[in-house]
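The values are calculated or read from the model by the stated rules, or taken from the named source; none is laboratory data. Nothing here was measured: the structure is a model prediction, and the numbers come from that model. Reconstructed Cβ throughout: ideal geometry from the backbone, glycine too, with neighbour counts over all protein chains shown.
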Amino acid sequence: METEKHNCGQMLNKEQLLNAIDSLEKSLFAPQEAEQQMFPILSTLLGIDGFTVTHTGGIGDQGIDFLAEKEEQKIAIQQKHYSNPNRSIGISVLHQMLGSMIIQKINRVIMVSNTKFSKQARDFVSQNLPISFELIDIDALKAWGARLKNIDEELQAEAIKWISDLSQRLALLIAKDPNVLNVVEWRDLERLLAEVFSGLGFDVTLTPSSKDGGKDLILECTSNATSCSYIVEIKHWRSGQKVGASSITEFLKVILRENHKAGVFLSTFGYCNNAFEHLTEIDRERVRIGGQVKILSLCQRYSKIRSGIWLPISTLPEILFEQTE
């Protein structure tokens, strides 16, 4: 029996999965080509539930084209692919499969086809058989794929919630002890401060980790009936590197180019002595500088708001700029 274990790197995302199913329905594949097309589809769908899929099709496959395994569980899968889309699968095919599976001591079977199953076939599998039969046509395969789409979205939402929860906890820990910053990675600090600014009342956009355009956070708020936008750049180099003049200059260019009201540059390990010498008085109104003290202050304000023991009396811009230079 020829076998080919599916490589996890070939798992399909939801768009690839639905396209592969669509191709299986509309394209004219030879039986072996259809199996190759089906292989990653089944591996993806069954992989959700922890199964590893092996392609066993070929000469002497004993009616099993794919085998899905998880711990002590085994699912035998047979694929039927016909060039005539109007051909239905009858009960005789199921009788053959039933006998083969009983001999091989397999108690769960999936039969998947690009055509419909006859009423007699569906009635047959609803009987009290010694093995469990599941009949899956193209419509059922599409419905299965749509379920994956929903699971993807649910998992993404759950992941976002976990990241948010972690950011909240880290902010509260830093509020108690700023030394916690020493074990926080740079991207985690960006997420953490996004959560903090959101908790303080800003509308926050966390920019992508690469190609962020010279800013890590975009903050928006309304002050004196006017909508304002600010940007925040965060440097958290655990090597202890200090920020130099070139970084400040580039940050100012972003503020001016994108027409933000102002920006705050935060560096956990400080700045070089000449970092601000080139800034004019007007520039210093647009670029504000902060360090660990500012980050600690933000986390402490956030902690008080979360505990319900502090109500802000300052405006959001005032909160943003306090303890900055």
Is at least one residue of the stretch 54-77 of a type in the set (S, T, N, Q), at pLDDT 90 or above and surrounded by 14 or more Cβ atoms within 10 Å (Cβ to Cβ)? yes
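Out of all the residues in the stretch 141-163, is one or more more than 23 Å from the chain's Cα centre (by Cα) and either not assigned by TED's automatic domain parsing to the domain that holds S23 or not in a loop (DSSP other than H, G, I, E, B) (or both)? Show your work before the answer.
First, the residues of the stretch 141-163 that are more than 23 Å from the chain's Cα centre (by Cα): 141.
Then keep just the ones that are either not assigned by TED's automatic domain parsing to the domain that holds S23 or not in a loop (DSSP other than H, G, I, E, B) (or both); that gives 141.
Yes, that holds for at least one residue.
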Going through the stretch 129-143 one residue at a time, which ones are small (G, A, S) and either more than 15 Å from I77 (Cβ to Cβ) or surrounded by 18 or more Cβ atoms within 10 Å (Cβ to Cβ) (or both)? A143
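Results for (1) farther than 23 Å from R147 by Cβ; (2) without any contact (Cβ under 8 Å) to a residue 24 or more places away in the chain; (3) touching a strand residue (DSSP E or B) at 6+ places or on another chain (Cβ under 8 Å), shown as yes or no for each residue.
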| position | (1), (2), (3) |
| --- | --- |
| A34 | no, no, yes |
| F39 | no, no, yes |
| S43 | no, no, yes |
| G63 | yes, no, yes |
| F66 | no, no, yes |
| E72 | yes, yes, no |
| Q78 | no, no, yes |
| G90 | yes, no, no |
| V93 | yes, no, yes |
Determine the pairs where a residue that is closer than 15 Å to Q79 by Cβ, located within the stretch 17-29, has a partner that is among the hydrophobic types (A, V, I, L, M, F, W, C) and part of a helix (DSSP H, G or I) with Cβ atoms under 6 Å apart, the partner being 6 or more residues away or on another chain. A20/I41; I21/L141; E25/I138
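When you scan the stretch 312-319, do you find a residue that is in contact with a helix residue (DSSP H, G or I) (Cβ under 9 Å, 6 or more places away or on another chain), hydrophobic (A, V, I, L, M, F, W, C) and closer than 22 Å to I218 by Cα, even just one? Before the answer, list the steps.
Step one: filter the stretch 312-319 for residues in contact with a helix residue (DSSP H, G or I) (Cβ under 9 Å, 6 or more places away or on another chain), giving 312, 316, 319.
Then drop every residue that is not hydrophobic (A, V, I, L, M, F, W, C), which leaves 316, 319.
Filter once more, so that each one left must be closer than 22 Å to I218 by Cα: 316, 319.
There is at least one residue in the stretch 312-319 that is in contact with a helix residue (DSSP H, G or I) (Cβ under 9 Å, 6 or more places away or on another chain), hydrophobic (A, V, I, L, M, F, W, C) and closer than 22 Å to I218 by Cα.
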Of (1) exposed (fewer than 13 other Cβ atoms within 10 Å of the Cβ); (2) not assigned by TED's automatic domain parsing to the domain that holds S307, A121 satisfies every one except (1)
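For the structure I just gave you, tell me whether E72 is farther than 20 Å from F39 by Cα and of a type in the set (D, E). Outline the logic, then answer.
Working: farther than 20 Å from F39 by Cα: yes; of a type in the set (D, E): yes.
Considered against the rule, which asks whether it is farther than 20 Å from F39 by Cα and of a type in the set (D, E), E72 comes out as yes.
Are there strands (runs of 3 or more DSSP E) fully within the stretch 9-81 with at least 1 residues that are of a type in the set (G, A, S)? List them. If you could, list the steps in order and put the result at the bottom.
Values: elements: 52-55, 66-70, 73-80.
Hits in the stretch 9-81: 66-70, 73-80.
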Note on the stretch 84-117: residues over 38 Å from the mean Cα position of the chain (by Cα) and part of a loop (DSSP other than H, G, I, E, B) are N84, N86, R87, S88, G90, Q104, K105
Does S210 satisfy the condition of being touching a residue at least 12 places away in the same chain (Cβ under 8 Å), surrounded by fewer than 21 Cβ atoms within 10 Å (Cβ to Cβ), over 25 Å from N274 (Cα atoms) and not basic (K, R)? no
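Can you confirm whether V184 is within 17 Å of R301 (Cβ to Cβ), in contact (Cβ under 8 Å) with a residue 24 or more places away in the chain and among the hydrophobic types (A, V, I, L, M, F, W, C)?
Spelling it out, it is not the case that V184 is within 17 Å of R301 (Cβ to Cβ), in contact (Cβ under 8 Å) with a residue 24 or more places away in the chain and among the hydrophobic types (A, V, I, L, M, F, W, C).
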Filtered residue count, the stretch 190-218, keeping only those that are in a loop (DSSP other than H, G, I, E, B), under 23 Å from the mean Cα position of the chain (by Cα) and more than 23 Å from P178 (Cα to Cα): 8
Please state which of the following conditions S126 fails to meet, knowing it meets all the rest: (1) exposed (fewer than 11 other Cβ atoms within 10 Å of the Cβ); (2) at pLDDT below 80. (2)
